[in-house]
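What follows is a set of notes on a single structure, which appears directly below.
The values are calculated or read from the model by the stated rules, or taken from the named source; none is laboratory data. Please read all numbers here as calculations on a predicted model, not as lab measurements. Cβ placement follows ideal geometry from the backbone for every residue including glycine, while neighbour counts extend to all protein chains displayed. These accessible areas exclude ligands, DNA and RNA; they are computed on the full protein's heavy atoms, side chains included. Shrake-Rupley method; radii C 1.70, N 1.55, O 1.52, S 1.80 Å.
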Amino acid sequence: MPTSKSSLIHLNNAHFKNVETLFLKSLELKRNFKNKNELPKKKNTAALLFFESSTRTRFSFESAAFRAGYLPLVLDSGVGTSLEKGESTEDTIYNIAAMSPSFIVIRCGHQVDLESISEKLSIPVLNAGWGMKGHPTQALLDALTIYEKLGSLSGKKVLFIGDIKHSRVVASHFELSKVLNYEIRFCTPIEFSVTGYTQFSDLEEAVAWADVIIALRVQKERHEGVGFDQKKYSLGYCLGLKHLKTFSKNGLVMHPGPINYGIDIEQDVLKDPRCAILEQVTNGVFLREALIRSLGEGI
Ligand code: NCD
């Protein structure tokens with residue numbers, strides 16, 4: 001029986017070997033994925049609690065839990081629940097945990113103390129996006145896609161374009177890059193940058209440096225008093241086919257989604273053979289299925 005010890009809240013204590021084992025399991029599941037409509041015998045339930053909106057991550061965890069043999073029970077943004085009567089997020093989580101699901105997947109804001117909740121619960125808690133603090137399974141599925149397409153992550157040059165400062169995806173990549181030894185640089189305006197990493201101001205120069213480009217959505221909902229001039233931003237940082245002329249032939253263009261076309265990237269970038277955005281989504285399910293199947297083994 002997996003315990004809270006197999007929770008995944010951060011990636012800073014992850015081990016290289018465990019992450020690699022997870023990638024190998026994910027790719028094995030992908031290779032063997034033929035029987036799409038087979039209904040696995042259910043072992044138990046999995047509680048998927050999404051207190052913030054989600055499309056990919058929610059469906060991905062739902063599909064992964066289902067394929068791994070768990071019946072996913074989903075709380076979707078709290079509509080129709082006692083949150084509307086003033087019940088706290090924490091009480092909601094503890095009450096659902098009291099119904100004994102095998103594990104809980106949580107997406108919530110930064111004001112919820114996910115770490116202390118996972119310490120109090122005896123079942124695993126998987127972070128599906130926690131405020132701006134982190135989104136470990138997104139970083140892992142990004143890395144899995146790089147691993148699958150380009151081999152080892154070690155020494156790879158990963159360029160993030162966009163709203164670095166408010167991105168929980170980048171927060172998890174900071175942690176994972178230390179485990180898997182890839183280099184991170186940014187191309188972002190000053191109001192979205194963080195210190196400690198090399199930064200490009202010119203998009204073409206940045207693209208020419210990278211093995212992998214990860215474009216990000218501007219996180220308007222997390223801006224507190226940051227002025228954002230969309231037109232000016234798009235002119236400097238919206239990735240288009242014209243920028244990809246100097247990009248490595250074997251490079252990868254990725255985005256965690258959702259995409260705001262014309263702001264983060266131009267729609268025609270999707271036609272470039274180096275674009276792996278939907279592959280990330282496909283891989284996300286296998287990565288999460290592998291993670292769920294290995295609960296109890298740790299990462
Ligand atoms: C990201 C998220 O929610 O943090 N998306 C995702 O989970 N696929 C990125 C975003 O919202 O921009």
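Couple of notes before you dig in:
- Highlighted here are the helices (runs of 4 or more DSSP H) found entirely within the range 27-141 that include at least 3 residues which are hydroxyl-bearing (Ser, Thr, Tyr): 56-67, 89-97.
- Restricted to the range 64-77, and to residues there that are within 16 Å of the ligand (Cβ to nearest atom) and open to solvent by 40 Å² or more (accessible area, probe 1.4 Å), the residue that is nearest to residue 99 (Cα to Cα) is 74.
- Restricted to the range 176-197, and to residues there that are in a helix (DSSP H, G or I) and either of a type in the set (A, V, I, L, M) or within 15 Å of the ligand (Cβ to nearest atom) (or both), the residue that is nearest to residue 138 (Cα to Cα) is 176.
Yes/no matrix, rows are residues, columns are (1) at pLDDT 95 or above; (2) open to solvent by less than 60 Å² (accessible area, probe 1.4 Å); (3) on the phi > 0 side of the Ramachandran plot:
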position: 196; (1), (2), (3): no, no, yes
position: 224; (1), (2), (3): no, no, no
position: 227; (1), (2), (3): no, yes, no
position: 238; (1), (2), (3): yes, yes, no
position: 251; (1), (2), (3): yes, yes, no
position: 259; (1), (2), (3): yes, yes, no
position: 265; (1), (2), (3): yes, yes, no
position: 290; (1), (2), (3): yes, yes, no
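- Contact map, the range 245-268: first residue without any contact (Cβ under 8 Å) to a residue 40 or more places away in the chain, second residue within 16 Å of the ligand (Cβ to nearest atom) and assigned to a strand (DSSP E or B), Cβ cut-off under 8 Å, separation 6 or more or different chains; pairs are 266/239; 267/261.
- Any hit, the range 122-139, residues being open to solvent by 60 Å² or more (accessible area, probe 1.4 Å) and within 16 Å of the ligand (Cβ to nearest atom): yes
- Those residues of the range 97-121 which are farther than 22 Å from residue 299 by Cα and open to solvent by 40 Å² or more (accessible area, probe 1.4 Å), in sequence order: 98, 99, 100, 110, 111
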